[in-house]
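Q: Shown below is the structure under consideration.
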Amino acid sequence: MSPALSQLGRRTMEPPISWLMRTALERPGLISLAAGFTDHDSLPVDEAHALLDELLGSPNTGRPALQYGSTVGDPRLRQLTAQRLAELDPATRANYAPDQLLMTHGSQQLLYMVTEALCDPGDIVLVEDPTYFVFLGIMQSHGLCGRGIRLAADGLEVGHLEETLQSLKRSGALPQVKLLYLVTYHQNPTGRTTSFEKKAAALDLLKCYERSAGHPLYLLEDAAYRELRFIGTDIPSALAAAKAGERVIYAGTYSKPFATGARIGFGLLPKPLFKVVARIKGNHDFGTANLIQQLLSRALATGQYAKHLPVLARRYAAKAQVMDQALREHFPAQVQWARPTGGLYFWVRLPRSVKSGSTSPLFSAALASQVLYVPGEMCYVTDPARRKPNHEMRLSFGNASEADIRTGIARLGLVLQQRLARAGD
Ligand SMILES: Cc1ncc(COP(=O)(O)O)c(C=O)c1O
């Protein structure tokens, strides 16, 4: 490693996402049930083509779109995004002011900048156990410590959050705690959705511990999969909890529900934090690609965006059904999973005797059979209070075709039967 590197440069490890993508690319014929990529066939090519034609059809609209924009984002897109959020949570219109909305390069950029704005090396972030593994990469790179909060079917275990805060207070570490990060809709990786009551209870708890922490404790609500629901009804965001506007950072994205290649995300931030994160964004890129923001703006204004959502819901419902059916047919009876109501993932739990990590015989055997999954272990933060579980896997039905989902699960099922037979289960 070069001695010229900064501490951050030295510390930053290769993110698992890069390794997973490379593994998939290096093996032609491999069926990847690992990538969080979206469905290829339903990407809105015709719609985007027509919208871009309109936009670039006249110098009056084309030239501004091909020019730099502003750091905080396209004013029309900010306004339309605020409107869209207010439609999702009608009770909280006041919390969705466009001037608190920051348009970003995917919601990933927002997660990065918020972490950078709030945390110094050694600080502590509370995360769901398991959580979105790319966020764990941001934490690792910034030298942050984590505590995992156990998950129930309807979101985090509030009792465990309280126990954790209490123990951090006892040990004098509460001032290092900066935020609680929750992926609240069809969570990546478990597919679980957090009930509104739990979001409100978590916020109340954070508030209780603020005095001992000596500063605000924020809830970073990552709603990346909110609009990828195919069963049930929407749940209000944490912003709907009383006075929550003060403490909730809401991260949203147009990647998953429209086009991952467009990569437009956004954040709704409490005012004092908005200013700081906008300054950081000014240094990062002083504005997200203007042309693509204007494409999204048109997609929202013309209703194309809203029209696309039910198309996606039908498509993912069908793919989830195919995966569920294949799991029933090919996976051993001891394996457990729950059928998701949205998002892109199944979270599969194996008997504890069967390890699923990236160095396990199961993972190698799966690769040899040309199928890739995300080892569950990657989704757990390093937490001194427990060992990382190593018997789970995340399977995505997002990108693979229905035929590949069937074949991939059949291959994985066979490998699992063989491993279980060896483990003597
Ligand atoms: C939970 C979660 N949050 C955020 C993101 C980032 O998405 P984007 O940057 O495309 O908005 C992803 C992408 O997979 C995700 O799964």
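The values are calculated or read from the model by the stated rules, or taken from the named source; none is laboratory data. The structure displayed is predicted, hence computed values, not measured ones. Cβ sites come from the backbone with ideal geometry, for glycine too, and all protein chains shown count toward neighbours. Only protein heavy atoms, including side chains, enter the accessible area calculation; ligands, DNA and RNA are left aside. Shrake-Rupley method; radii C 1.70, N 1.55, O 1.52, S 1.80 Å.
Q: For residues that are within 13 Å of the ligand (Cβ to nearest atom) and either farther than 13 Å from Gly73 by Cα or modelled with pLDDT under 95 (or both), scanning just region 95-108, find the one that is surrounded by the most Cβ atoms within 10 Å (Cβ to Cβ).
A: Once the filter is applied, the top-ranked residue is Ser107.
Q: Same structure again: Among (1) assigned to a helix (DSSP H, G or I); (2) surrounded by 13 or more Cβ atoms within 10 Å (Cβ to Cβ); (3) hydroxyl-bearing (Ser, Thr, Tyr), which single condition is Ser18 missing?
A: (2)
Q: Can I ask one more? Quick check on region 228-251. Is at least one of its residues crowded, with 24+ Cβ neighbours inside 10 Å, touching a His at 6+ places or on another chain (Cβ under 9 Å) and of a type outside the set (Val, Ile, Thr)?
A: No, region 228-251 has no match at all.
Q: Considering each of Thr12, Thr23 in turn, give the residue that is open to solvent by 30 Å² or more (accessible area, probe 1.4 Å) and more than 16 Å from the ligand (Cβ to nearest atom). Please lay out each step first, then the result.
A: Values: Thr23 fails: open to solvent by 30 Å² or more (accessible area, probe 1.4 Å).
So the residue among Thr12, Thr23 that is open to solvent by 30 Å² or more (accessible area, probe 1.4 Å) and more than 16 Å from the ligand (Cβ to nearest atom) is Thr12.
Q: Further question on the same structure: If you go through region 279-306, how many residues are in a helix (DSSP H, G or I), within 22 Å of the chain's Cα centre (by Cα) and surrounded by fewer than 19 Cβ atoms within 10 Å (Cβ to Cβ)?
A: Adding up the residues that qualify gives 3.
Q: So, Asp129, is that one away from the ligand (no atom under 16 Å from the Cβ) and either closer than 22 Å to Tyr250 by Cα or in contact with a Phe, Trp or Tyr (Cβ under 6 Å, 6 or more places away or on another chain) (or both) or not?
A: Considered against the rule, which asks whether it is away from the ligand (no atom under 16 Å from the Cβ) and either closer than 22 Å to Tyr250 by Cα or in contact with a Phe, Trp or Tyr (Cβ under 6 Å, 6 or more places away or on another chain) (or both), Asp129 comes out as no.
Q: Pick from region 224-249 the residues that are touching a Leu at 6+ places or on another chain (Cβ under 9 Å) and of a type in the set (A, V, I, L, M): which of them is nearest to the ligand (Cβ to nearest atom)?
A: In this case the residue turns out to be Leu228.
Q: Then there is this: What are the pairs, 6+ residues apart or on separate chains, where a residue within region 305-323 that is within 12 Å of Leu228 (Cα to Cα) has its Cβ under 6 Å from a residue that is open to solvent by 20 Å² or more (accessible area, probe 1.4 Å)?
A: Every condition considered, the pairs that remain are Leu309/Glu227; Ala313/Phe230; Tyr316/Phe230; Ala317/Phe230.
Q: Could I ask something else about it? Report whether or not Gln67 is surrounded by fewer than 17 Cβ atoms within 10 Å (Cβ to Cβ) and within 18 Å of Gly137 (Cα to Cα).
A: Answer is no for this residue.
Q: Looking for something of a type outside the set (Ser, Thr, Tyr) and under 30 Å from Val125 (Cβ atoms) - is there at least one such residue anywhere in region 399-419?
A: Looking through region 399-419, at least one residue is of a type outside the set (Ser, Thr, Tyr) and under 30 Å from Val125 (Cβ atoms).
Q: Follow-up question, since we're still on this one. Taking the stated definitions as given, is His40 within 30 Å of Glu402 (Cβ to Cβ), open to solvent by 90 Å² or more (accessible area, probe 1.4 Å) and in contact (Cβ under 8 Å) with a residue 40 or more places away in the chain?
A: When the stated conditions are applied, His40 passes them.
Q: What is the residue count in region 361-401 for residues that are part of a loop (DSSP other than H, G, I, E, B), open to solvent by 10 Å² or more (accessible area, probe 1.4 Å) and hydroxyl-bearing (Ser, Thr, Tyr)?
A: Result for region 361-401: 4.
Q: Right, something else. Between a residue in region 63-76 that is at positive phi and any residue that is β-branched (Val, Ile, Thr) and open to solvent by less than 100 Å² (accessible area, probe 1.4 Å), which pairs come within a Cβ distance under 7 Å, given they are 6 or more apart or on different chains?
A: Note: pairs meeting the criteria are Gly73/Thr288.
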